[in-house]
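Here the structure is laid out as structure tokens; the discussion comes afterwards.
The values are calculated or read from the model by the stated rules, or taken from the named source; none is laboratory data. What you are looking at is a predicted structure, and each value in this text was computed from that prediction instead of being measured. Note: ideal-geometry Cβ built from the backbone for every residue, glycine included; neighbour counts use all protein chains shown.
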């Protein structure tokens with residue numbers, strides 16, 4: 001009896017062990033999976049909030065597949081007047097045999113002089129990013145909460161924009177992005193940054209209209225002082241007082257200022273640091 005029981009265990013255990021091991025799921029890039037006719041990309045559409053939705057079906061009826069969406073995946077608009085899109089976020093998603101998935105991705109426009117996409121605008125897959133654009137995409141994929149800054153960084157490469165649009169509420173993050181893009185493109189670091197009005201759906205994406213200008217002053221005081229900061233237009237008229245008679249201690253001083261420009265005419269403005277009724281330091285900006 002013991003021999004028969006032992007023999008049963010020997011015969012059954014490998015079967016149980018084999019059954020417990022799930023089949024290996026192959027991972028393919030989106031492009032390769034489409035080329036090999038393993039999956040079909042049925043639709044790519046804009047769903048608002050700077051996002052594309054992809055509808056993908058696993059054509060194989062018995063095998064699951066993992067799809068790799070690489071950083072720098074690009075999509076061409078089916079409407080030539082609208083901007084093409086690039087995806088920064090790398091993901092790997094499982095698509096069950098015979099099933100479909102519809103993931104969404106944050107996307108960025110790559111042609112600032114074209115129209116922004118509208119709801120349900122359709123796209124088709126194009127070649128992946130390469131060169132400077134791919135380097136930028138891989139870098140930006142590591143930065144969190146930077147959609148505005150990332151969009152203007154993309155345009156700095158694809159449309160030769162300057163770096164004033166690389167504003168971020170976190171100064172260290174802003175500087176990190178600015179330095180990377182400056183090194184990548186050879187463009188100078190911005191002396192100040194700008195928050196532009198966002199373009200509307202199916203309107204030219206880059207408006208060039210400033211909402212806010214962000215600058216800063218850095219200097220060294222030889223002694224304690226009462227300091228005033230005011231902003232003037234080219235005619236010498238004060239348009240904004242940042243602060244008045246603030247006591248600052250001797251040593252290194254750094255502070256930020258911002259100028260609301262929505263209700264101001266276009267032109268140049270100067271932010272002045274004033275001590276004892278004399279201009280101690282100034283910075284020019286342009287709205």
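Exactly one residue out of 99, 24, 43, 49 is under 30 Å from residue 119 (Cβ atoms) and at pLDDT below 95: that is 49.
In this structure, is residue 114 buried (at least 17 other Cβ atoms within 10 Å of the Cβ), at pLDDT 95 or above and touching a helix residue (DSSP H, G or I) at 6+ places or on another chain (Cβ under 6 Å)? No.
Among the residues making up the range 255-279, those that are out of contact with any strand residue (DSSP E or B) (no Cβ under 7 Å at 6 or more places or on another chain) and either under 18 Å from residue 244 (Cα atoms) or surrounded by 11 or more Cβ atoms within 10 Å (Cβ to Cβ) (or both) are 276, 277, 278. For the structure I just gave you, tell me whether residue 101 is surrounded by 15 or more Cβ atoms within 10 Å (Cβ to Cβ) and farther than 25 Å from residue 200 by Cα. Judged against the criteria, residue 101 is a match.
Screening the candidates 110, 142 for the property of being assigned by TED's automatic domain parsing to the domain that holds residue 70 and under 22 Å from residue 47 (Cβ atoms) yields one hit, 110.
The selection criterion, being under 29 Å from residue 40 (Cα atoms), modelled with pLDDT of 95 or more and out of contact with any strand residue (DSSP E or B) (no Cβ under 6 Å at 6 or more places or on another chain), does not hold for residue 163. Is at least one residue of the range 206-229 touching a helix residue (DSSP H, G or I) at 6+ places or on another chain (Cβ under 8 Å), closer than 24 Å to residue 111 by Cβ and in contact (Cβ under 8 Å) with a residue 40 or more places away in the chain? Yes. Taking the criterion of being part of a strand (DSSP E or B) and surrounded by 15 or more Cβ atoms within 10 Å (Cβ to Cβ), the residues of the range 23-42 that qualify are 28, 29, 39, 41. Looking across the range 136-162 at every residue that is in contact with a helix residue (DSSP H, G or I) (Cβ under 6 Å, 6 or more places away or on another chain) and farther than 18 Å from residue 73 by Cβ, the one that is surrounded by the most Cβ atoms within 10 Å (Cβ to Cβ) is identified as 152.
Could you check how many residues of the range 92-119 are under 20 Å from residue 151 (Cβ atoms) and not in a loop (DSSP other than H, G, I, E, B)? Adding up the residues that qualify gives 8. With respect to (1) under 18 Å from the mean Cα position of the chain (by Cα); (2) within 25 Å of residue 199 (Cα to Cα), the lone exception for residue 180 is condition (2).
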